[in-house]
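Worksheet for the structure shown next.
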Amino acid sequence: MAVGGGLYGSGLPADSLRQLVHELRTPLNAIVGFGEMIERQVLGPAALRYRVKAGVIVEQGRRLLAVVDDLDMAASAGETAPERSPDRIAPADLLRRLWRTHRPIAAGRGVMLEMAIEEEIGPIDADPAVIERIYARLITAAIGLGHVGERIEVRLTGTGDAAVLRLTRPAVLGDSSETTLLDPGFTPEGDWPEAPLLGLGFSLRLVRNLAAAAGGALAIEADGFVLRLPVAGRRKANGVRPC
């Protein structure tokens, strides 16, 4: 976890980062909550322009809270063996839900998001909340760095005792090496408003470490990202279905 001194080369020990996370999360939650009250006119009538501004504050506040959650997970991942949750999540069900959420976002950027899902893969043997964050971070990063007209393909298959998720590598990354892409501060040059706020390198390193803690692995290949996570058994076979 520690790279070049401190978490991901930041110079901050994990304990200090967790304290920072706590100090950031509390006021952010308060700001988002107050913005929602204005947006819903809980405290009384509010002019439309104020409700619109409150909506923007709520949206940006939630994005920052997601970053804070990522920092919290980054500080915790790998320090101790993760507790096994009694709950399990079927990767096909999760990916379909993420596709419904992210397809409109991709369309708004002019990016085509296509998914093909193998139905018979068993549930992933790890904490569902962690797995959802891993999948969502990869998909969000790919969409955020996609050019207008670019196609991002996501394919879920089962191999032995693993669920394998493959994502197209955005063209803007070119032939950047794995070392470059995993640099915590790396983000391609240019205007990428939907790119990960902490940088693509931070997100990829977070995904890699969370996957490793769950008994899986993230591989960065010339044409895409390949994520492997352990599964418990298999479901009834239905083949691969496009979304």
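Read-outs: derived from the displayed coordinates by stated rules, not from any lab. Because the structure is a prediction, the values reported are computed rather than measured. Cβ coordinates were reconstructed from backbone atoms using ideal geometry, including for glycine residues, and neighbour counts include every protein chain displayed.
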Protection proxy ranking of 213-219, 46-52 - average other beta-carbon atoms within 10 Å, highest first: 213-219, 46-52
Extended-chain gain in nm, criterion 0.36 nm per residue less alpha-carbon gap, Arg40 and Thr101: 19.7 nm
Cα gyration tensor shape of segment 14-76, rounded if a/c is under 1.5, else prolate or oblate by comparing a/b with b/c: prolate
Among 109-115, 132-138, the order from most to least packed when residues are scored by Cβ within 10 Å on average: 132-138, 109-115
Segment 14-76, relative contact order in percent, only Cα pairs under 8 angstrom and at least six apart counted: 50 percent
Among 221-230, 23-32, the order from most to least packed when residues are scored by Cβ within 10 Å on average: 221-230, 23-32
Residues Ala171 and Val52, FRET efficiency given R0 of 35 Å [Cβ-Cβ distance, rounded to 0.05]: 0.50
If the convex hull is drawn through the Cα atoms of segment 91-242, its volume per residue in Å³: 101 Å³
